[in-house]
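J.: This is the structure, below, for whatever I ask next.
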Amino acid sequence: APLQHALGLLALNKNNLTDALERFQAAVELDGNFAEARQNVGLITLGTRRYDVAKEQFTKVLALEPKNYDAMIGLGIAQRGLGDLDAAEAAYKKAKDLDPKRGDAHFNLGVLYKDFRANKENDLKAMQNTAKVGRQFFQDFLSKDGSQDDKDEAQQNIKAIDKLVKQLDEAMKMQAAQP
């Protein structure tokens, strides 16, 4: 299993995701308790939007390593991809509690509220309030550990939410002015 995992890492380094996934899966078949190999299977399958496989892998990683922050975030992304927004939010909040300094959980909560929860609201005011919750998570993310690219993306999301809030204000005013 360690050899297959190492070969998977080598394939990943060469940007050969297909071979890397096969190697990581082989490592998992040889040793079902190899958490790092499972995590790598989960990460690659997230990238290919195979959320059911990713969820299974991250769930097993967390059974082996309950305080694995990255697996908790991966599980949340998989759950979000499967449409289970409440479970995704719970996973992100657990990750936030595991390591308050890291920003991934805040960023993903922002995405969850901005791109998923706000869009499910039928009422304009509720949509606006939900988007504002997402804005606050992005704002919180800016004070956490994270890459500059992610911080730039968070700033763009904040600007998009501010624009949406203004548009919704205008739409609500127009609604109120109708006879």
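J.: Hey, LYS144 hits all of (1) in contact with a Gly (Cβ under 7 Å, 6 or more places away or on another chain); (2) modelled with pLDDT under 95; (3) within 25 Å of THR48 (Cβ to Cβ) but one; which does it fall short on?
T.: Failed condition: (3).
J.: Among the residues of segment 131-179, write down those that are farther than 19 Å from ALA105 by Cα and among the aliphatic types (A, V, I, L, M).
T.: ALA160, LEU164, VAL165, LEU168, ALA171, MET172, MET174, ALA176, ALA177, listed by residue number.
J.: Would you pick out the residues in segment 6-20 that are closer than 20 Å to ARG50 by Cβ and assigned to a helix (DSSP H, G or I)?
T.: GLY8, ALA11, LEU12, LEU17, THR18, ASP19, ALA20
J.: Please specify each residue of segment 13-27 satisfying the condition of being open to solvent by 20 Å² or more (accessible area, probe 1.4 Å) and within 15 Å of LYS60 (Cα to Cα).
T.: GLN25, the sole residue that qualifies.
The values are calculated or read from the model by the stated rules, or taken from the named source; none is laboratory data. Owing to the predicted nature of the structure, the values given are computational and were not obtained by experimental measurement. Heads up, the Cβs are rebuilt from the backbone with ideal geometry, glycines too, and the neighbour counts pull from every protein chain shown. Heavy atoms of the whole protein, side chains included, go into the accessibility calculation; ligands, DNA and RNA do not. Shrake-Rupley method; radii C 1.70, N 1.55, O 1.52, S 1.80 Å.
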